Amino acid sequence: MNYHIVTYGCQMNIHESEKIAGILKEKGYGTESPIEEADIIVFNTCCIRENAENHAFGNIGALKQLKREKKNLIIAVGGCMAQEEGKAQILRQKFPFIDLVFGTHNLSELGDLIDRRRARRKAIVSLREERGETEAGIEPVRTSYPGAWVNITYGCNNFCSYCIVPYVRGRERSRKAEDVLREVRSLVAEGFREITLLGQNVNSYNSDGQGGMSFPELLDAVASVEGKFRVRFMTSHPKDFSEELARVMKKHEKICNLLHLPAQSGSNRILNLMNRRYTREKYLSEIAMLRSIIPDCPVTTDLIVGFPTETEEEFEETLSLVKEANFASAFTFVYSPRTGTKAAEMEGQIPEEVSKERIMRLVAQVNENTRNLSATFVGKTTEILCEDYDEKKGLYLGRNEAGRMGYFASERNLIGEFVELKVERANGVSLFGELVEKS
Ligand code: SAH
Ligand code: SF4
Ligand code: F3S
């Protein structure tokens with residue numbers, strides 16, 4: 001029996017799909033296959049913006065015919081959109097052929113739900129309220145070698161006024177530091193070469209006292225594990241980024257000198273309406289502090305345009321922040337109203353044409369920053385962790401610590417190895433060059 005998983009959304013969801021694969025394997029679905037050959041198809045959904053939902057709706061709808069032809073096919077829908085209030089009913093109404101809807105708080109029950117669905121003909125909708133660490137003990141099927149994701153927190157307490165995550169992922173829960181460390185040690189022993197610690201707001205790790213230590217202490221402990229590997233972490237919230245954390249980054253060679261610090265907006269009035277709990281000045285002072293400890297440390301960010309009531313001048317403050325903070329790159333989004341959030345109720349929603357025009361200008365500025373940073377690598381040698389082979393280009397590829405993607409030729413399969421790349425040219429986030437022998 002085969003399985004197929006379709007994933008939308010963030011790294012956390014991608015990692016969760018690895019756990020779903022683990023559960024499916026246990027249930028006897030041996031191999032991942034193309035969608036037409038699968039005996040079970042799982043959609044792991046996202047609801048962060050409307051287009052994420054529309055994608056899933058479109059792809060689920062496209063399965064109607066396949067389901068008609070294959071009576072024993074199981075179609076399951078889980079993840080953040082499934083957990084969203086009222087969405088399970090909408091899914092069932094629109095697509096009566098769905099067999100199983102499950103949420104973000106009952107992943108560990110998925111195996112039992114599949115058994116129940118196999119035993120009877122009726123569709124199952126099973127959603128739960130939040131219950132602590134719901135994913136303990138699930139052995140993921142990792143698809144990200146040589147990288148591996150490790151959860152440190154689940155959920156979020158911040159309630160940024162535009163964001164649905166706290167509603168669909170529940171309150172912030174920290175994993176025990178000893179469990180995180182045990183997982184990291186075993187991944188490194190298995191040969192994984194890049195560990196990314198995941199949480200909606202890693203800086204507030206242990207806010208519930210369940211972790212046993214602070215985030216800087218945890219990061220220090222993770223980077224102290226023996227072996228040759230890199231450490232990344234995301235996401236940091238600017239309201240509690242600290243000098244202590246910057247110093248831990250500096251202390252360990254293993255921790256990549258790169259910080260993802262979502263700013264969202266460059267306007268203090270908008271930041272306040274967003275409930276972000278920092279100002280532009282505080283944000284910039286944090287970056288200055290980081291760069292006083294790690295000179296030129298690249299910083300990436302997330303930015304939203306078209307938040308309710310955002311004026312042209314306020315948008316321009318976001319544009320100028322991109323220059324002033326000298327972001328290495330940025331994810332840019334048009335604000336999308338999410339039912340149930342505070343911002344969706346606000347007066348002054350911005351017309352789509354205005355947001356579209358703003359995001360184009362923002363993207364142009366971000367691209368200029370991206371090119372500028374990439375250009376600084378040309379003529380230099382940078383360490384790359386080889387991750388994959390690009391059939392089309394006939395080149396191996398992998399990222400340097402700043403997240404730039406390096407491409408190079410090699411006779412030998414280098415996936416999983418650290419190599420030195422002499423960069424000859426840059427294009428966007430990509431660097432091209434030749435390998436040099438390590439001295
Ligand atoms: N916890 C992380 C990221 C959460 S989601 C953080 O706090 O930064 C990733 C990004 O999606 C956010 O940083 C934000 O820029 C964007 N986002 C969230 N809700 C959105 C919405 N309603 N409309 C547009 N973008 C949104
Ligand atoms: Fe959403 Fe804000 Fe939490 Fe990030 S910190 S997940 S943007 S509520
Ligand atoms: Fe991630 Fe989307 Fe959920 S961004 S946490 S999968 S709403």
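Worth a mention:
- Remark: the chain carries a charge dipole of roughly 1000 debye about the Cα centre, counting +1 on each Lys and Arg Cβ and -1 on each Asp and Glu Cβ.
- Taken along the Cα-to-beta-carbon direction at a fixed 7 Å, the label points for Ser292 and Arg425 span 4.2 nm.
- Relative contact order (%) - criterion: Cα under 8 Å, at least six apart; region: the chain: 10
- Global geometry of the stretch 381-436, whether rounded, prolate or oblate, following the gyration tensor of its Cα atoms and the 1.5 cut on a/c: rounded
- Residues Lys323 and Glu353, FRET efficiency given R0 of 22 Å [Cβ-Cβ distance, rounded to 0.05]: 0.30
- For q = 0.15, 0.23 Å⁻¹, Debye-computed log10 I/I(0) when each Cα of the stretch 289-375 counts as one equal scatterer: -0.61, -1.08
- Projecting the Cα positions of Asn326, Ala56, Met249 onto the charge dipole of the chain (unit charges on Cβ atoms of Lys, Arg, Asp and Glu, taken about the Cα centre) puts Ala56 furthest along the positive direction.
- Shown for the chain are the DSSP H helices of 27 Å or more along their axis, judged by Cα atoms, with a mean Kyte-Doolittle hydropathy of at least -1.0: 352-375.
- Formal net charge of residues neighbouring Glu312 (Cβ-Cβ distance under 12 Å; K, R +1; D, E -1): -4
- Relative to the 2.2 N^0.38 Å rule of thumb, the stretch 43-198 has a C-alpha radius of gyration ratio of 1.16.
- Principal axis dimensions, largest first and in whole angstrom, of the chain by Cα: 62, 58, 46
- Pair Glu312, Ser410: separation of 7 Å Cα→Cβ label points (nm): 5.2
- Distance between modelled label sites at Met1 and Lys94, nm, 7 Å Cα→Cβ extension: 2.8
- For the stretch 144-256, a/c is not less than 1.5, where a ≥ b ≥ c are the root eigenvalues of the C-alpha gyration tensor, and a/b tops b/c. That puts it in the prolate class.
- On full extension, the segment bounded by Glu32 and Glu383 gains 123.1 nm, given 0.36 nm per residue less the C-alpha separation.
- Summing Cβ point charges (Lys, Arg +1; Asp, Glu -1) relative to the Cα centre of the stretch 126-206 gives a dipole of roughly 80 debye.
- Gain on full stretching of the segment that runs from Leu66 to Glu243 - 0.36 nm per residue minus C-alpha separation: 58.2 nm
- Positive end of the dipole of the chain (Cβ unit charges, origin at the Cα centre): among Asn275, Val141, Ser430, the Cα lying farthest that way belongs to Val141.
Every read-out reported here was derived from the displayed coordinates using simple, explicitly stated rules and does not represent laboratory data. On a predicted model such as this, the values are computed, not experimentally measured, just so you know. Quick reminder, even Gly has a Cβ in these numbers, built from the backbone with ideal geometry, and neighbours come from all protein chains shown.
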